[in-house]
Every structure is written in structure tokens, then in C-alpha cells.
Amino acid sequence: MQIGVAYSEPGQQVWMTLEVPDESTVAEAIERSGVLQQFPHIDLSAQKVGVFGRLVKLDAALKPGDRVEIYRAIICDPATVPRKDQDGDDD
């Protein structure tokens, strides 16, 4: 089945589509994707993962078309970051 794997950090985003065996888990898809070799600092024991923005466990089963996402820790309080309005100006 075909699924996607996404990971992003400042200045670099990865989005890939790959074929995985039916019955694959989130962890297996991440391993097959090669993203752990590309970003060796990813720590799946500490970082959260999700499918289409919903947190899941590493042993969650995948369905065709799922997008596996690896999340980074939030390093600032979103309430303290100035927001941009529609035309790009600070509010």
C-alpha cells in the first residue's frame, strides 16, 4: 500500500511517498522511509508521531493513503510569538 511520511525542521522539510507492506505500522513505515538516516537526531522514544495530525502510537496500523508525521518539540510559547495577519504584517 502507498503511504506518506513527513518531517519538518527549520529550513528543511521532507515529504515522501512510499510503498509499504499491508499491515505495516507507523514505526515500520518510518524505518522504511529512510528519514531516520537522513535526520539521525530524531528520537522516536521521545518525539510524538501522528497520522493526519492525530497523535498515534508507533505500533498503530496504517491504512492506504495515510500520512505519517514526526513531530518536533515546541521550543517557544505560541502565545508569545507575534502573529502575522493575512497580508504578512504583524498584528
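The values are calculated or read from the model by the stated rules, or taken from the named source; none is laboratory data. Owing to the predicted nature of the structure, the values given are computational and were not obtained by experimental measurement. Here the Cβ positions follow ideal geometry from the backbone for every residue, glycine too, while neighbour counts run over all protein chains shown.
Points to keep in mind about this one:
- Any pair with Cβ under 6 angstrom, 6 or more apart, that starts in the range 47-58 at a residue that is free of Cβ contacts under 8 Å to residues at least 40 places away in the same chain and more than 11 Å from I30 (Cβ to Cβ) and ends at one that is among the basic types (K, R) and not in a loop (DSSP other than H, G, I, E, B): F52/R67
- Total residues in the range 1-21, condition modelled with pLDDT of 95 or more and outside any strand (DSSP E or B): 3
- Residue within the range 66-88 that is loosely packed, with under 11 Cβ neighbours inside 10 Å and at pLDDT 95 or above present: no
- Scanning the range 1-23 for residues that are within 19 Å of K48 (Cβ to Cβ) and surrounded by 12 or more Cβ atoms within 10 Å (Cβ to Cβ) yields a count of 8.
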